[in-house]
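Remarks on the structure that follows.
Quick note: the coordinates plus some simple rules give every number you see, no bench work behind them. Nothing here was measured: the structure is a model prediction, and the numbers come from that model. A quick note on method: Cβ atoms are made from the backbone with ideal geometry, for glycine too, and the neighbour counts reach across all protein chains shown.
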There are 2 protein chains.
Amino acid sequence: MSAALATFDEVLAAAARIAPHAHTTPVLRSRAIDAMAGCNLAFKAEHLQRAGAFKFRGACNAVWRLTDAEAARGVATHSSGNHGAALALAAATRGIACHVVVPRGAVASKLAAIAGYGAVLHRCEPGIAAREAACAAVVETTGASLVHPYADAAVIAGQGTATLELLATAGPLDALVVPVGGGGLAAGTALALAAIAPDCRLYLAEPAGAAETRDSLARGERVTDFTPDTICDGLRGTLGQPGFDTLRAHGAEVLVVDDADTVAAMRLLWQRMKQVVEPSSAITLAAVLGNPGRFAGLRVGVVLSGGNVDLDALPWAA
Amino acid sequence: MSAALATFDEVLAAAARIAPHAHTTPVLRSRAIDAMAGCNLAFKAEHLQRAGAFKFRGACNAVWRLTDAEAARGVATHSSGNHGAALALAAATRGIACHVVVPRGAVASKLAAIAGYGAVLHRCEPGIAAREAACAAVVETTGASLVHPYADAAVIAGQGTATLELLATAGPLDALVVPVGGGGLAAGTALALAAIAPDCRLYLAEPAGAAETRDSLARGERVTDFTPDTICDGLRGTLGQPGFDTLRAHGAEVLVVDDADTVAAMRLLWQRMKQVVEPSSAITLAAVLGNPGRFAGLRVGVVLSGGNVDLDALPWAA
């Protein structure tokens, strides 16, 4: 399904498809943080999604839209992060095989989570070329369907379902802030907003050390030659072609955030909201706090994208 | 109000009195933790209560049951922990003065929270005798009403309201586990269960390093000569007389928990449920996990009592 761009109809179809499996996550609010931000914040708590991140939405949609014959051959991906765990759990909900290609040197606790959901791990050398080659080999051997972490229309459509729920629960919003890495969540969000809340402005929070989405949208072509340097481990990927095309079509403004501000926002969410969120989530609040003029007095949605963090290596202890 | 024992009617009155000010906190569930515990757990999320702990319920009830004339003279207490912050915020909801006696050497971040809610801090020497003397002097000078952290019928009645909400949301429970320190929450819970869920067994989770409630209930008289040694900073107090009398009347079983098991449970709640809870909360889950035979297959309520933790000194880093 990765060739065509996703559509809003596919977001709606995804919502129906994943409903029996995914959590309808709550929308959280905090008077204290509203007072600091000078606006009215609605936090979509995707860190409380199954497998601890919004990634389960897209993975679940990709798994359940397969025909029975396709599903019988399983699914495959290359990701040692949230998408790998999400796809493993999504495959488990359908009782099919999941192959996850992981580079040597990946964090052991993350691999344990993926294996814990029943996936088969395939080791490869580090680097995107080695990962893609190893994944292609697995697909060739097994006949599994490749589910790319973000450059996939079914995944993008699935990620868009979070926005449907947020708007249904929080009511009208003036602005919505989501993190951007490979662009799956950003593109799905753009599709949903264009269809049901066209007056809601979309902002993409991007780490200063991996701000190629800003550059890509500014230049009108994808920037791919960069080396990410950011604490936001979920946002180190390169904006994919489907995400790029969708964001160009619908429009979105990138807000670049320094890691220090992301860490401060993460601490604030832990301390005041009592929520364990990862840096790639907290960057959205940091983007709001760092741009008070833009959001003053508005109703602002913020997607807390995930909560999978290494409790033994908290960033403020570094 | 501290002389008489609280009644269930006072719990009901407290619920109505605090409704405009306190949060109705959510009930959280986790399939992963249910699977580990072998039972069906309903977590009452009092760490999401205002000021970050259930203590706001009792403090709020105590503040709002004062006559206008009493209220005009303010309230006072001695507590550098969650009750101090809760009373300060409760006083702020009524626009009255709050005096908090704090010992020299108390944690600066906790004092800042109390002062942040607008309370006046009064320093005293460490030790319960010095604290009580300093508090009595403040009451004498100002005419403020003393609101004891737990040996107070209005406070106990307020704490009981959490159980009303839990049962209303979670439905029938076979068992309910709450932490016990001074006994305010335990006594309020016992009153509520006796009236509306008499078949639900009450368990009190108590740290091994401060297990004087177990000893007091076993001996039939309050044990007061002990030196607490536990990471559960909210549970170092001595069971008060009203708590003792109420627990003796209604019955409750104490489950003693080692700090190491509390820390493991706290980590589990952070990692799997993504909730920032303090050790004094996590001890309830530790009590369930440590007594699988007692809870197997049951519907078990667990009160997550607070989430005020020093993010710079996490217990597993020690």
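Please get the size of the charge dipole for segment A:56-146, origin at its Cα centre, with Cβ charges of +1 on Lys and Arg and -1 on Asp and Glu, quoted in debye to the nearest 20.
With Lys and Arg at +1 and Asp and Glu at -1, about 240 debye.
FRET efficiency for A:Asp229 and B:Ala72, Cβ-Cβ distance as r, R0 = 45 Å, nearest 0.05?
After rounding to 0.05, the efficiency reads 0.15.
Let me check I've understood the local charge: for B:Ala282, count other residues with C-beta under 11 angstrom from its C-beta, Lys and Arg +1, Asp and Glu -1. What total comes out?
-2
Collect residues whose amide H, placed 1.01 Å from N in the peptide plane, falls under 5 Å from the amide H of B:Arg201; neighbours closer than 5 in sequence don't count.
Result for B:Arg201 returns B:Ala175, B:Leu176.
Excluding same-chain residues fewer than 8 positions from A:Lys44, which lysines have a Cα within less than 18 Å of its Cα?
Once the sequence-local lysines are set aside, what remains near A:Lys44 is A:Lys55, A:Lys274, B:Lys274.
Tell me, A:Arg65, A:Arg31 in order of fewest to most beta-carbon neighbours within 10 Å?
A:Arg31, A:Arg65
Output the 0 to 90 degree angle, nearest 10, between the alpha-carbon long axis of helix A:153-170 and the longest principal axis computed from the alpha carbons of chain A.
That works out to roughly 30 degrees.
Quick one: length gained pulling A:Ala260 to A:Asp310 fully straight, 0.36 nm per residue minus the C-alpha distance?
That works out to 16.2 nm of additional length.
Working out 0.36 nm times the residue gap between A:Ala19 and A:Asp174, then minus their Cα-Cα distance, what length gain in nm do you get to one decimal?
Here the answer is 53.1 nm.
So how strong a dipole does chain A carry about its Cα centre when Lys and Arg Cβ are +1 and Asp and Glu Cβ are -1, to the nearest 20 debye?
Here the size comes out at about 700 debye.
Based on Cα positions only, what radius of gyration and what Dmax would you give for the protein assembly as shown, in angstroms?
Expressed in Å, the Cα Rg and Dmax of the protein assembly as shown come to 26.1, 83.
Using the alpha-carbon centroid of each, what span in Å lies between segment B:127-176 and segment B:268-303?
The two parts, judged by their Cα centres, are 24 Å apart.
Which three extents, in whole angstrom, do the alpha-carbon atoms of chain A cover along their principal axes, largest first?
So the extents along the principal axes, rounded to whole Å, are 55, 44, 38.
Among DSSP beta bridges whose residues both lie in the protein assembly as shown, state the antiparallel percentage, nearest 5.
10 percent
Can you tell me which of B:Ser109, B:Ser145, B:Ser80 moves the most in a GNM of chain B? Springs connect C-alpha atoms under 10 Å apart.
So, out of B:Ser109, B:Ser145, B:Ser80, the one fluctuating most is B:Ser109.
For B:Phe295, B:Phe43, what's the fewest-to-most ordering of other Cβ within 10 Å of each Cβ?
Least crowded to most crowded, the residues run B:Phe295, B:Phe43.
In segment A:56-146, how does Rg compare with the Kirkwood Rh, expressed as the Rg/Rh ratio over alpha carbon atoms?
Rounded to two decimals, Rg over Rh is 0.94.
Hey, for B:Gly127 with labels 7 Å out along Cα-Cβ, what do the inter-copy distances come to in nm, ordered shortest first?
7.0
Given label points at 7 Å from Cα along Cα→Cβ, what nm distances, shortest first, separate B:Asp225 from the same residue in every other copy?
B:Asp225 label point versus its equivalents elsewhere: 8.1 nm.
Net charge around A:Arg104, counting only other residues with Cβ within less than 13 Å of its Cβ (Lys, Arg = +1; Asp, Glu = -1)?
+1
Could you list which residues have their amide H under 5 Å from that of A:Ala76, counting only those 5 or more apart in sequence or on another chain, with H placed in the peptide plane?
Correct list: A:His99, A:Ser145, A:Leu146, A:Val147.
Could you list B:Thr67, A:Thr93, B:Thr189 so that the one with the fewest beta carbons within 10 Å of its beta carbon is first and the one with the most is last?
Exposure proxy ranking, most exposed first: B:Thr67, A:Thr93, B:Thr189.
Hey, for B:Pro292 with labels 7 Å out along Cα-Cβ, what do the inter-copy distances come to in nm, ordered shortest first?
Ordered by increasing distance: 5.3 nm.
Measure nothing fancy, just the Cα-based angle from helix A:259-273's long axis to the longest principal axis of chain A, in degrees from 0 to 90, nearest 10.
80 degrees
Hey, what do the phi angles of segment B:245-253 turn into as Karplus ³J(HN,Hα) couplings, whole Hz, using 6.51/-1.76/1.60 and θ = phi - 60°, x for Gly and Pro?
Here the 3J(HN,Hα) series is 5, 5, 5, 5, 5, 9, x, 6, 9 Hz.
Note down the relative contact order for segment A:56-146 as a percent, whole number, built from C-alpha pairs under 8 angstrom at least six residues apart.
Over segment A:56-146, the number comes to 33 percent.
For chain B, what does the helix formula give at 222 nm: sum of -39500 (n - 2.57) over DSSP H segments with n ≥ 4, over the residue count, nearest 500 deg cm²/dmol?
Rounded to the nearest 500, the figure is -13500 deg cm²/dmol.
Taking chain A as the reference, fit the longest principal axis to its C-alpha atoms, fit the long axis of helix A:279-289 to the helix C-alpha atoms, and give the angle between the two in degrees, 0 to 90, nearest 10.
With both axes taken from Cα atoms, the answer is about 20 degrees.
Calculate one ³J(HN,Hα) per residue across segment B:203-219 by plugging θ = phi - 60° into the Karplus curve 6.51 cos²θ - 1.76 cosθ + 1.60, and present them in order as whole Hz with x for glycine and proline.
Karplus-based 3J(HN,Hα) across segment B:203-219 equals 10, 10, 8, 10, x, 4, x, 7, 8, 6, 5, 4, 5, 5, 5, 5, 7 Hz.
Go ahead and set up a Gaussian network model of chain A, Cα springs under 10 Å, then flag whichever of A:Ala133, A:Ala90, A:Ala186 fluctuates most.
Top of the fluctuation ranking is A:Ala133.
Convert each backbone phi in segment B:225-242 into a coupling constant with the Karplus relation 6.51 cos²θ - 1.76 cosθ + 1.60 (shift: θ = phi - 60°), then list the ³J(HN,Hα) values in order as whole Hz, x for Gly and Pro.
The phi angles translate into 9, 8, 10, x, 9, 7, 6, 7, 5, x, 10, 8, x, 8, 3, x, 4, x Hz.
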